[in-house]
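Accompanying notes for the structure given below.
The values are calculated or read from the model by the stated rules, or taken from the named source; none is laboratory data. Because the structure is predicted, anything quoted here is derived from the model rather than measured. Using ideal geometry, Cβ is built from the backbone for each residue, glycine included, and neighbour counts are taken over all protein chains shown.
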Amino acid sequence: MSQIIESQQASTAAAAPRLLHVEASPRGAQSASRQVAQAFLDAWKDCHPGGDIDVLNVWTTELPAFDGDALDAKYAGLEGRERSAGQARAWQEIGNLADRFRRVQVVLLSVPMWNFGIPYRLKHLIDAVSQKDVLFTFDENGLRGMLGGRKAVVVNSRGVGLGPDFPREELDYQQRYMTAWLQMIGISDIAHIEVEKTLMGAELDQAGRAAACMQAARLAATL
Ligand SMILES: Cc1cc2nc3c(=O)[nH]c(=O)nc-3n(C[C@H](O)[C@H](O)[C@H](O)COP(=O)(O)O)c2cc1C
C-alpha cells in the first residue's frame with residue numbers, strides 16, 4: 001500500500017510543471033515588467049497549484065565573472081583540451097546556473113528596454129550560460145539549441161512606445177535580441193508581451209500596465 005502511495009506521489013511530483021522567472025529589472029515593486037510578470041505568475045499558479053517557480057533575479061544573484069578560469073574553460077572545451085582544476089570549478093558554476101534553465105518547461109523573462117537593448121546584468125547571465133554542450137551544440141552541421149520543447153514568455157517594458165517616432169526595425173535591440181537568443185538555445189515557442197509608454201505620464205503608464213497584465217493572465221491560462 002505504502003509503495004502505491006509513494007509511486008503516486010512520485011508521479012504527481014514528476015507531473016508538476018516547473019517555471020523559471022528571470023527578473024531583469026532592478027526596480028522592485030515599481031517595475032512595470034515585474035508587475036506584468038507577476039500577473040502571469042498569479043494566473044499560472046492558479047492553473048498549476050503544484051507548479052514550481054524558480055526566481056533568478058539578475059541583480060541579486062551572484063553571476064560568475066566571464067574571464068580568467070571561466071573563459072579559459074570555454075576555450076579549453078572548444079579546442080578539446082583538458083580543463084585544469086580551477087577551470088573545471090568555474091565550468092561547474094556555469095553549468096549550475098544553466099541547469100536552472102534546463103530543469104524547467106517554461107521560461108518567463110521580465111526585460112526592461114535599456115538604451116534600446118537589454119540591461120547589462122541580463123546580458124551577463126546570457127553570456128555566462130550560453131555555452132556549447134551546455135545550452136547548444138555546434139558542429140559541422142551548424143548550431144543546434146538544446147532546450148527544444150520548452151516555452152518562453154518575454155515581458156518587454158519600455159519608457160516610450162515603438163512606432164513612427166521610434167521605429168521598431170531600427171531601434172528594437174530588446175525584443176528581437178531576446179527572440180534570437182531564445183531560438184539559439186532551442187526555444188522556438190516564444191510569446192512576447194509589451195508594456196510601453198511607462199514614462200509618458202501616469203495615465204498612459206497605468207493603462208499600459210493594466211492591458212499588459214490582462215494579456216499576461218490570459219496567456220498564462222494557456223501554458
Ligand atoms: C538605463 C536606462 C535606459 C533606458 N533606455 C530606454 C530606451 O532606450 N528606450 C525606452 O523606451 N525606455 C528606456 N528606459 C526606460 C525604461 O525602459 C522604462 O522605465 C521601463 O519601464 C523599465 O522597465 P521596468 O519598469 O520593468 O524597470 C531606460 C531606463 C533606464 C534605467
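Quick look at the values:
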| quantity | calculated |
| --- | --- |
| Hey, Val104 buried (at least 16 other Cβ atoms within 10 Å of the Cβ) and either in contact (Cβ under 8 Å) with a residue 60 or more places away in the chain or more than 24 Å from His192 (Cβ to Cβ) (or both) or not | yes |
| Matching residues in region 57-73 - criterion: being out of contact with any strand residue (DSSP E or B) (no Cβ under 6 Å at 6 or more places or on another chain) and of a type in the set (S, T, N, Q) | Thr60, Thr61 |
| Those residues of region 80-91 which are more than 15 Å from Leu135 (Cβ to Cβ) and part of a helix (DSSP H, G or I), in sequence order | Ala85, Gly86, Gln87, Ala88, Arg89, Ala90 |
| Single condition Ser130 does not satisfy, out of (1) within 22 Å of Pro64 (Cβ to Cβ); (2) within 15 Å of the ligand (Cβ to nearest atom); (3) of a type in the set (Ser, Thr, Tyr) | (2) |
| Close pairs from region 26-40: first among the hydroxyl-bearing types (Ser, Thr, Tyr), partner at pLDDT 95 or above and not in a helix (DSSP H, G or I), Cβ under 7 Å, at least 6 apart | Ser31/Ser25; Ser33/Ser25; Ser33/Ser110; Ser33/Val111; Ser33/Pro112; Ser33/Val155; Ser33/Ser157; Ser33/Val195 |
| In region 32-73, the residues that are in a loop (DSSP other than H, G, I, E, B), within 16 Å of the ligand (Cβ to nearest atom) and surrounded by 15 or more Cβ atoms within 10 Å (Cβ to Cβ) | Val58 |
| Helices (runs of 4 or more DSSP H) completely within region 149-223 that count 2 or more residues being crowded, with 18+ Cβ neighbours inside 10 Å and either more than 11 Å from the ligand (Cβ to nearest atom) or among the aromatic types (Phe, Trp, Tyr) (or both) | 175-184, 202-220 |
| Residue satisfying all of: in region 92-113; part of a helix (DSSP H, G or I) and of a type in the set (A, V, I, L, M, F, W, C); farthest from the ligand (Cβ to nearest atom) among these | Ile94 |
